[in-house]
């Protein structure tokens, strides 16, 4: 097992090699069935964590336990210009050198491969502003295809190397998820839900989220990081039991 996955590595504002933290957020009103994930579309550990969660949920479904999954916004680079930046130059600046950035890319690519994801960092030329991507995921949530949209955005960035700050790319992602491409393009051309995405990002920070992915069950903070599927399944079983005992 990859050591980074085993310890639940997260992405934070200073990079994607940070320690785990656990916080709590307001309870959503279900009884041990609602999973909220705070994430960013450019967070590699969020995509890896998604795969681990899917494996965990398949195991739990075999036990008769079902959950709903909801994606919530966080910006790793909240000051990123709307047009984004050249990825190589930005990461060399952020991490101190091009060599360090390449080392981190290699480590993340190897971790992704361990869960069946073929990251292609060589195709990634832009580090985008992710507000528009979060807005797309929100729109998809209104139409019941949020998880599919999140998957499409992750794949577009990490596998296909596309600029997910570009409205046309995001419209393609929406179409892959099952939305009408023209509807997504019209939505992205406006500013609907932008304030809400920024407010949700700020609310997560105020609740103590400093690294993503962060996982919550009915608002109860479970863990942060791309944990192994077995660890996620155990945390969900225990969290569900605790919440049900509290409401019994």
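Considering region 90-144 alone, what residues qualify as being farther than 22 Å from residue 173 by Cα, touching a residue at least 60 places away in the same chain (Cβ under 8 Å) and exposed (fewer than 13 other Cβ atoms within 10 Å of the Cβ)? If the condition is that a residue be farther than 22 Å from residue 173 by Cα, touching a residue at least 60 places away in the same chain (Cβ under 8 Å) and exposed (fewer than 13 other Cβ atoms within 10 Å of the Cβ), then 110 is the only one that fits. Only a single item in (1) assigned to a loop (DSSP other than H, G, I, E, B); (2) under 21 Å from the mean Cα position of the chain (by Cα) is not met by residue 175, and it is number (1).
The rows are residues; the columns are (1) farther than 24 Å from residue 194 by Cα; (2) touching a strand residue (DSSP E or B) at 6+ places or on another chain (Cβ under 9 Å).
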| position | (1), (2) |
| --- | --- |
| 36 | no, yes |
| 46 | no, yes |
| 53 | yes, yes |
| 63 | yes, no |
| 75 | no, no |
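Looking only at residues in region 145-165 that are in a helix (DSSP H, G or I) and touching a strand residue (DSSP E or B) at 6+ places or on another chain (Cβ under 7 Å), the one that is surrounded by the most Cβ atoms within 10 Å (Cβ to Cβ) is 150. Can you say whether residue 202 is within 29 Å of residue 106 (Cα to Cα), under 19 Å from the mean Cα position of the chain (by Cα) and surrounded by fewer than 23 Cβ atoms within 10 Å (Cβ to Cβ), as far as the supplied structure shows? Spelling it out, it is not the case that residue 202 is within 29 Å of residue 106 (Cα to Cα), under 19 Å from the mean Cα position of the chain (by Cα) and surrounded by fewer than 23 Cβ atoms within 10 Å (Cβ to Cβ). Within region 57-113, the only residue that satisfies the criterion of being more than 15 Å from residue 43 (Cα to Cα), under 18 Å from the mean Cα position of the chain (by Cα) and part of a loop (DSSP other than H, G, I, E, B) is 67.
Return yes when residue 31 is touching a strand residue (DSSP E or B) at 6+ places or on another chain (Cβ under 6 Å) and modelled with pLDDT under 95 and no when it is not.
On the way: touching a strand residue (DSSP E or B) at 6+ places or on another chain (Cβ under 6 Å): no; modelled with pLDDT under 95: yes.
Spelling it out, it is not the case that residue 31 is touching a strand residue (DSSP E or B) at 6+ places or on another chain (Cβ under 6 Å) and modelled with pLDDT under 95.
The values are calculated or read from the model by the stated rules, or taken from the named source; none is laboratory data. Just so it is clear, the model here is predicted, and its values are computed rather than measured. Methodologically, a virtual Cβ is constructed for each residue, glycine included, from the backbone with ideal geometry; neighbour enumeration extends over all protein chains shown.
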